[in-house]
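The values are calculated or read from the model by the stated rules, or taken from the named source; none is laboratory data. The structure displayed is predicted, hence computed values, not measured ones. Here the Cβ positions follow ideal geometry from the backbone for every residue, glycine too, while neighbour counts run over all protein chains shown.
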Amino acid sequence: MKTRSISHAPALQRGLALLEALATRPHGALQTELSAVLKLPQTAVHRLVQALEHLGYVRRHPSARTVHVTQKILLLGQPHSGGRSLIEACLPSMRSILEQTRETTQLCVLAEARCVIIEQLPSLHPFKYVVDLGCHAPTHCCAPGKAMLAFLPSDKLANALEGIEFTAFTRNSIKTKAQLLAELEEVRKRGFAVDRAEHFEGIHCVAAPLLDSHGEAFAAVTIAGPSSRIPATDFARWGDLIREHASDAALQFLL
């Protein structure tokens, strides 16, 4: 029996390699830099950028001349249910959380051992905490990361824990696996997670997971803002509110 050889698509491979290179560069990259990293002629990189820009996966900064990935790339790995995207299902609940807390409200998903922000509604206050969509945060020191880890099956949690480097970003950061496991047990009991200025000094977060029919987290909704406006004394109040809205959002998505 004759075996058929698998034909490769060089243009596709190069395009994916370019997107992977840009994914590790949150501030973008010059085409000359991409040419060096990918070991491709600048003319080839230029053609790839043009094609991906036309499809909406990258954009070129008009003045800095850097190339950036767009939000569209995030949507590829986003859960969908019945033709409805996760963002579409969650926006009504996120808007309600924003109206009641007035703080930046974000939707996050897990990517291995990192927490990725895929949607954001900025705070209604003049001074606000906002980040770029697609930003990654370490799961051990951010509220949405802990909210999702706490509601993973044991095998998936074990895999995620293997990928965590317990970097101390502030004096409040969780520094060991044992500390994190103890924190996750508390998250399961109360149904929401908190960040006590563990990633950035002066920034507090409160988050709740979106759970599927098996009780497994597939996303999380969080608020983030200055500790002066989200004091520890308000964690329970906002946590209960966000947990209720996260439950509503999960239900809307899974319908």
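So which strands (runs of 3 or more DSSP E) are wholly in segment 101-172 and hold at least 3 residues that are out of contact with any Phe, Trp or Tyr (no Cβ under 9 Å at 6 or more places or on another chain), assigned by TED's automatic domain parsing to the domain that holds A197 and crowded, with 18+ Cβ neighbours inside 10 Å?
Of the strands (runs of 3 or more DSSP E) lying wholly inside segment 101-172, those with at least 3 residues that are out of contact with any Phe, Trp or Tyr (no Cβ under 9 Å at 6 or more places or on another chain), assigned by TED's automatic domain parsing to the domain that holds A197 and crowded, with 18+ Cβ neighbours inside 10 Å span 104-111, 114-121.
Mind checking which pairs have a first residue in segment 189-217 that is farther than 19 Å from K156 by Cα and a second that is of a type in the set (A, V, I, L, M) and surrounded by fewer than 16 Cβ atoms within 10 Å (Cβ to Cβ), Cβ under 7 Å, 6 or more apart or different chains?
Filtered contacts from segment 189-217: R196/A232.
Could you tell me which residue of segment 30-63 is farthest from the chain's Cα centre (by Cα), considering only residues that are modelled with pLDDT under 90 and of a type in the set (S, T, Y)?
My answer is S63.
Do any residues in segment 46-64 that are farther than 16 Å from A17 by Cβ and in the same structural domain as E20 (by TED's automatic domain parsing) have Cβ atoms under 7 Å from those of residues that are among the basic types (K, R) and surrounded by 14 or more Cβ atoms within 10 Å (Cβ to Cβ), where the two are at least six apart or on different chains, and which pairs are they?
Pairs that qualify, where the first residue is farther than 16 Å from A17 by Cβ and in the same structural domain as E20 (by TED's automatic domain parsing) and the partner is among the basic types (K, R) and surrounded by 14 or more Cβ atoms within 10 Å (Cβ to Cβ), are E53/R59; E53/R60.
Residues being over 25 Å from A137 (Cβ atoms) and either in the same structural domain as L133 (by TED's automatic domain parsing) or in contact (Cβ under 8 Å) with a residue 12 or more places away in the chain (or both): count how many of those fall in segment 20-36.
3
Among all residue pairs at least 6 apart or on different chains, which show Cβ distances below 6 Å where the first residue, located in segment 105-121, is of a type in the set (D, E) and the second is part of a strand (DSSP E or B)?
Going by the 6 Å Cβ cut-off, the qualifying pairs are E119/L107.
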